[in-house]
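The values are calculated or read from the model by the stated rules, or taken from the named source; none is laboratory data. Keep in mind that what you see is a predicted model, and the values were worked out from it rather than measured. Heads up, the Cβs are rebuilt from the backbone with ideal geometry, glycines too, and the neighbour counts pull from every protein chain shown.
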There are 2 protein chains.
Amino acid sequence: MNVTSMVNGVDLDRLSATIDHVTAEPALARFQFRAGNHWVDGGYSRTTIQGFYGAGQEDTTRTEAFTVDTDEPPVLLGENRAPNTVEYVLHALAACLSGTIVYHAAARGIALDGVETTIHGDLDVQGFLGLDSNVRPGYEQIRVALKISGDFDDDQLAELANLTRYSPVRDIVTNPVPVAIDVARA
Amino acid sequence: MNVTSMVNGVDLDRLSATIDHVTAEPALARFQFRAGNHWVDGGYSRTTIQGFYGAGQEDTTRTEAFTVDTDEPPVLLGENRAPNTVEYVLHALAACLSGTIVYHAAARGIALDGVETTIHGDLDVQGFLGLDSNVRPGYEQIRVALKISGDFDDDQLAELANLTRYSPVRDIVTNPVPVAIDVARA
């Protein structure tokens, strides 16, 4: 009989085993994620995501690739076939903050009933258009509100808020990541 | 009769009109993008993307919301129901670099036949797990390769490579963005 200890949908026995493995052999914590993008037309493109390296081996659990499309709305000369790339950044950040709280709350035995997150980002397209070199192309600021329900007191609520420091996408957005770009003729 | 000048699927007449409008009234360049995320279970959540503000008004062209799901692979305690949040960052960055080159190439009259982009990001999950405070939660480095085909010479290829400086997601990932996070009881 398998008895698992699930909190917030997170299997605590497996989480504990993962932490033990990584503590014993830190190289197991090294992951490489990957994606490939194929341009279709204008702002419309398709990304394929499947393989990655992690926990000491190539992952083989995804039998099919995920496809993720991007487009722009008409005001940005697209046809609304998909969210645009800066909207995907908001998605990634909101989902990562929520998931980070959920996993770390589970590890602390704090059971959550719900997490609803809203996120806004302000951007001036003069930067993208190259019209004003004082305007950055990306977001000037992002605001996130997480509303959490569950079995916790006010001290634990403050602890939950502090857990967002472990969020990978929060780190990526708020701190510099080195990006090496190679452009070549096909 | 409508005669449009399309290059790379970008309508140059509309792009030129957009630049004229923004130059005359820079406030039209202000956009606010938005998303809402609903946590389901473990690392599984669903984001809804529909409305945004831009060009001086609320957009009303999207009659239905986009939904974007996130999950984790089994090795990160999920069930592979969707890409994870750091994979979405790679998607956003690859698609944005490609789209930025496509739009700016069109504005310069450079016709492209294809853009294929591969992207890798290295991440050590000791940071997310909180096991080593010297390890950042997010990507340590990202590498991108764009292979472009089209009607351009070597000088123009160098110009295309330089256009990635206008990419909003490149800016977001390589430079700090202020993120304000509010966590409250639902």
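Show the residue pairs meeting these rules: Cβ distance below 6 Å; 6+ apart or different chains; first residue within region B:116-131 and under 15 Å from A:GLY51 (Cα atoms); second residue assigned to a helix (DSSP H, G or I).
Close Cβ pairs (under 6 Å, with a partner that is assigned to a helix (DSSP H, G or I)) amount to B:ILE119/B:LEU90; B:ILE119/B:ALA94; B:GLY121/B:LEU90.
I need the full set of residues from region B:112-136 which are surrounded by fewer than 18 Cβ atoms within 10 Å (Cβ to Cβ) and at the interface with chain A (Cβ under 7 Å from one of its Cβ atoms), in order please.
Of everything in region B:112-136, those that are surrounded by fewer than 18 Cβ atoms within 10 Å (Cβ to Cβ) and at the interface with chain A (Cβ under 7 Å from one of its Cβ atoms) turn out to be B:GLY114, B:GLU116, B:THR118, B:ASP122, B:GLY130, B:LEU131.
Looking at B:HIS21, B:HIS38, can you tell me which residue is over 25 Å from A:TRP39 (Cα atoms) and modelled with pLDDT under 95?
Values: B:HIS38 fails: modelled with pLDDT under 95.
The match here is B:HIS21.
What are the residues in region B:69-92 that are facing chain A (nearest Cβ under 7 Å) and either assigned to a helix (DSSP H, G or I) or of a type in the set (A, V, I, L, M, F, W, C) (or both), if any? If you could, list the steps in order and put the result at the bottom.
Here is the first cut: in region B:69-92, the ones facing chain A (nearest Cβ under 7 Å) are B:70, B:73-75, B:77, B:80, B:82-83, B:85-92.
If the condition is that a residue be facing chain A (nearest Cβ under 7 Å) and either assigned to a helix (DSSP H, G or I) or of a type in the set (A, V, I, L, M, F, W, C) (or both), then B:PRO74, B:VAL75, B:LEU77, B:ALA82, B:THR85, B:VAL86, B:GLU87, B:TYR88, B:VAL89, B:LEU90, B:HIS91, B:ALA92 are the ones that fit.
Mind checking whether some residue in region A:169-185 is basic (Lys, Arg) and out of contact with any Leu (no Cβ under 9 Å at 6 or more places or on another chain)?
Taking region A:169-185 as the starting set, the residues that turn out to be basic (Lys, Arg) are A:170, A:185.
Next, from what is left, pick out any that are out of contact with any Leu (no Cβ under 9 Å at 6 or more places or on another chain): none.
For region A:169-185, residues basic (Lys, Arg) and out of contact with any Leu (no Cβ under 9 Å at 6 or more places or on another chain): absent.
What single numbered condition from (1) modelled with pLDDT under 95; (2) not in a helix (DSSP H, G or I) fails to hold for A:LEU15?
(2)
Mind checking which residues of region A:27-60 are farther than 30 Å from B:VAL115 by Cα and in contact with a His (Cβ under 7 Å, 6 or more places away or on another chain)?
A:LEU28
With the requirement that a residue be farther than 19 Å from B:THR70 by Cα and without any contact (Cβ under 8 Å) to a residue 40 or more places away in the chain, what does region A:162-178 give you? I'd like the intermediate steps shown before the answer.
So the first thing to find is which residues in region A:162-178 are farther than 19 Å from B:THR70 by Cα, and the list is A:162-163, A:165, A:174-178.
Listed by number, the residues that qualify are A:ASN162, A:ARG165, A:THR174, A:ASN175, A:PRO176, A:VAL177, A:PRO178.
Looking for something more than 21 Å from A:ALA65 (Cα to Cα), crowded, with 16+ Cβ neighbours inside 10 Å, touching a residue at least 24 places away in the same chain (Cβ under 8 Å) and not small (Gly, Ala, Ser) - is there at least one such residue anywhere in region B:63-80? Outline the logic, then answer.
Of the residues in region B:63-80, the ones more than 21 Å from A:ALA65 (Cα to Cα) are B:63-65.
From the residues that got through so far, the ones that are crowded, with 16+ Cβ neighbours inside 10 Å too are none.
Within region B:63-80, not a single residue is more than 21 Å from A:ALA65 (Cα to Cα), crowded, with 16+ Cβ neighbours inside 10 Å, touching a residue at least 24 places away in the same chain (Cβ under 8 Å) and not small (Gly, Ala, Ser).
Kindly indicate whether any position in region A:37-59 is more than 18 Å from the chain's Cα centre (by Cα), facing chain B (nearest Cβ under 7 Å) and closer than 30 Å to A:GLU159 by Cβ.
Yes, some residue in region A:37-59 is more than 18 Å from the chain's Cα centre (by Cα), facing chain B (nearest Cβ under 7 Å) and closer than 30 Å to A:GLU159 by Cβ.
Taking the criterion of being surrounded by 17 or more Cβ atoms within 10 Å (Cβ to Cβ) and more than 22 Å from the chain's Cα centre (by Cα), would at least one residue in region A:90-103 satisfy it?
Restricting attention to region A:90-103, the residues satisfying the condition of being surrounded by 17 or more Cβ atoms within 10 Å (Cβ to Cβ) are A:90-103.
In the following step, the residues that additionally are more than 22 Å from the chain's Cα centre (by Cα) were identified as none.
Scanning region A:90-103 turns up no residue that is surrounded by 17 or more Cβ atoms within 10 Å (Cβ to Cβ) and more than 22 Å from the chain's Cα centre (by Cα).
If I filter region A:6-26 for residues that are surrounded by 13 or more Cβ atoms within 10 Å (Cβ to Cβ), touching a His at 6+ places or on another chain (Cβ under 8 Å) and in contact (Cβ under 8 Å) with a residue 12 or more places away in the chain, do I get at least one hit?
No, that holds for no residue.
Can you name every residue in region B:39-74 that is within 23 Å of A:VAL10 (Cα to Cα) and in contact with a helix residue (DSSP H, G or I) (Cβ under 8 Å, 6 or more places away or on another chain)?
Listed by number, the residues that qualify are B:TRP39, B:GLY42, B:GLY43, B:SER45, B:THR47, B:VAL68, B:THR70, B:GLU72.
Select from region A:68-89 the residues that are within 16 Å of the chain's Cα centre (by Cα) and of a type in the set (Val, Ile, Thr) and write down the one among them that is nearest to B:ALA180 (Cα to Cα).
Taking region A:68-89 as the starting set, the residues that turn out to be within 16 Å of the chain's Cα centre (by Cα) are A:68, A:83-89.
This time we only want the ones that are of a type in the set (Val, Ile, Thr), so: A:68, A:85-86, A:89.
On the way: A:VAL68: 28, A:THR85: 20, A:VAL86: 17, A:VAL89: 15 Å.
Selected residue: A:VAL89.
Out of (1) more than 8 Å from chain B (Cβ to nearest Cβ); (2) over 22 Å from the mean Cα position of the chain (by Cα); (3) at pLDDT 95 or above, the odd one out for A:GLY109 is which?
The failed condition is (3).
Of the residues that sit in region B:143-158 and are over 21 Å from the mean Cα position of the chain (by Cα) and touching a residue at least 12 places away in the same chain (Cβ under 8 Å), which one is nearest to the other protein chains (Cβ to nearest Cβ)? Break it down stepwise before answering.
Of all residues in region B:143-158, those over 21 Å from the mean Cα position of the chain (by Cα) come to B:149-158.
Narrowing the set further to residues that are touching a residue at least 12 places away in the same chain (Cβ under 8 Å) leaves B:149-152, B:156.
On the way: B:SER149: 4, B:GLY150: 9, B:ASP151: 11, B:PHE152: 8, B:GLN156: 10 Å.
So, considering only residues that are over 21 Å from the mean Cα position of the chain (by Cα) and touching a residue at least 12 places away in the same chain (Cβ under 8 Å), the one nearest to the other protein chains (Cβ to nearest Cβ) is B:SER149.
Taking the stated definitions as given, is B:ARG30 touching an Asp or Glu at 6+ places or on another chain (Cβ under 7 Å), facing chain A (nearest Cβ under 8 Å), surrounded by fewer than 23 Cβ atoms within 10 Å (Cβ to Cβ) and among the charged types (D, E, K, R)?
Values: touching an Asp or Glu at 6+ places or on another chain (Cβ under 7 Å): yes; facing chain A (nearest Cβ under 8 Å): yes; surrounded by fewer than 23 Cβ atoms within 10 Å (Cβ to Cβ): yes; among the charged types (D, E, K, R): yes.
The answer is yes for B:ARG30.
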